[in-house]
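Each remark here refers to the structure printed beneath this line.
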Amino acid sequence: MPRVASKDRDLQLLAVRFVDAGHPEQKTGPRYRVWFRNNDDKKLRKDFNIMLLASNDRDPSSDVPQAGVEIDNIDAGAIRTVDIRLPFEASTLARDAKDRAVPFRFLHVLVDSHQDVDESFEENNGVVLARGDVLPVDPSSFSTDVTSGSPGSMINVAGEGFGPEPGEVIVHVNDLELQAEIYGWYDLGVHFKLPPLPVAVETQAEIVVVRGDGAVSNPVQVLIVPAKTPVTPPPVPGK
């Protein structure tokens, strides 16, 4: 999309990425992240809306599942991001060949969806994408649920962009790369067991999540504590 000269008032949609699929048990739909920019050389102080619509056609009807956020201002030349979660109905909008409920087919993204801003150029305000063509956000690890653990401990890593299908969890310690055993995988977190680790003293390790497509998250640190050696009691004296 061409960028308009900064003297003109113009909001531009830059990108949209998939974050997570939502929670069927909690009746929440998929979440997306939208990047947009104020191409003007002046701060925009007028309210405007960013909207997502889910549909099975490129030309949606007015009653399709939708959600949005209101933006009250944006600095000159600034790039902003917002996360928007569609309603749960979007996750069951279409039907597959076996007549099972499946997610919608097309995602509509609109910047200044209500046309509140008098823009000189509006062709860069929106896009329609096939749901499967929306790329995921880059994998990012936030934290672990524990700060330390011994070999064989169960650990959760919270993050985003891990994808729906399992990849790998790699533990880096003492110049070694060991693969952890995965017990649970979700867009926003991974549950795994620390592998056997050759440490005799407390040692700092780094945990890296590798998504199914090979994209790698940032490392998070965990202190590895040596496993306690069980004490064998002395034999009972014979009577």
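The values are calculated or read from the model by the stated rules, or taken from the named source; none is laboratory data. Computed from a predicted model, the values in this text were never measured in an experiment. In this analysis, Cβ positions are derived from the backbone assuming ideal geometry, glycine residues included, and neighbour counts consider all displayed protein chains.
Among the listed residues 130, 97, which satisfies the condition of being free of Cβ contacts under 8 Å to residues at least 40 places away in the same chain, farther than 25 Å from residue 16 by Cβ and among the aliphatic types (A, V, I, L, M)?
Values: 130 fails: farther than 25 Å from residue 16 by Cβ.
Matching residue, one of 130, 97: 97.
Listed here are the residues, each with its yes/no results for (1) in contact with a helix residue (DSSP H, G or I) (Cβ under 8 Å, 6 or more places away or on another chain); (2) more than 16 Å from residue 115 (Cα to Cα); (3) modelled with pLDDT under 95.
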{"site": "9", "(1), (2), (3)": "no, no, yes"}
{"site": "13", "(1), (2), (3)": "no, no, no"}
{"site": "27", "(1), (2), (3)": "yes, yes, yes"}
{"site": "33", "(1), (2), (3)": "no, yes, no"}
{"site": "46", "(1), (2), (3)": "no, no, yes"}
{"site": "58", "(1), (2), (3)": "no, yes, yes"}
{"site": "63", "(1), (2), (3)": "no, yes, yes"}
{"site": "80", "(1), (2), (3)": "no, yes, no"}
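Would you kindly identify the strands (runs of 3 or more DSSP E) lying entirely within region 125-239 that contain at least 2 residues that are small (Gly, Ala, Ser)? Steps first, please.
Values: elements: 126-130, 140-144, 154-160, 168-173, 176-179, 181-186, 189-193, 203-210, 220-224.
The qualifying strands (runs of 3 or more DSSP E) are 126-130, 140-144, 154-160.
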- Determine the pairs where a residue that is without any contact (Cβ under 8 Å) to a residue 12 or more places away in the chain and within 16 Å of residue 49 (Cβ to Cβ), located within region 78-90, has a partner that is of a type in the set (A, V, I, L, M, F, W, C) and surrounded by 15 or more Cβ atoms within 10 Å (Cβ to Cβ) with Cβ atoms under 6 Å apart, the partner being 6 or more residues away or on another chain. none
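Can you find a residue that is of a type in the set (Val, Ile, Thr) and out of contact with any Leu (no Cβ under 9 Å at 6 or more places or on another chain) anywhere in region 94-111?
Our first condition is that a residue be of a type in the set (Val, Ile, Thr); within region 94-111, this holds for 102, 109, 111.
Now restrict to residues that are out of contact with any Leu (no Cβ under 9 Å at 6 or more places or on another chain): none.
The answer is no, given that none of the residues of region 94-111 is of a type in the set (Val, Ile, Thr) and out of contact with any Leu (no Cβ under 9 Å at 6 or more places or on another chain).
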- Message: Tell me the residue from 201, 190, 171 that is free of Cβ contacts under 8 Å to residues at least 60 places away in the same chain and surrounded by fewer than 17 Cβ atoms within 10 Å (Cβ to Cβ), please.
- Response: 201
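Output yes when any residue across region 84-94 is within 23 Å of residue 123 (Cβ to Cβ) and either within 18 Å of the chain's Cα centre (by Cα) or surrounded by fewer than 17 Cβ atoms within 10 Å (Cβ to Cβ) (or both), and no when none is.
First, the residues of region 84-94 that are within 23 Å of residue 123 (Cβ to Cβ): 84.
Next, only the ones that are either within 18 Å of the chain's Cα centre (by Cα) or surrounded by fewer than 17 Cβ atoms within 10 Å (Cβ to Cβ) (or both) stay: 84.
Yes, that holds for at least one residue.
If you check residue 58 against the conditions, is it basic (Lys, Arg), in contact (Cβ under 8 Å) with a residue 12 or more places away in the chain and surrounded by 14 or more Cβ atoms within 10 Å (Cβ to Cβ)? Walk me through it before giving the result.
Numbers: basic (Lys, Arg): yes; in contact (Cβ under 8 Å) with a residue 12 or more places away in the chain: yes; surrounded by 14 or more Cβ atoms within 10 Å (Cβ to Cβ): no.
Against the criterion (basic (Lys, Arg), in contact (Cβ under 8 Å) with a residue 12 or more places away in the chain and surrounded by 14 or more Cβ atoms within 10 Å (Cβ to Cβ)), residue 58 does not qualify.
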- Task: Determine if region 97-119 includes at least one residue that is of a type in the set (Ser, Thr, Tyr), surrounded by fewer than 17 Cβ atoms within 10 Å (Cβ to Cβ) and assigned by TED's automatic domain parsing to the domain that holds residue 18.
- Result: no
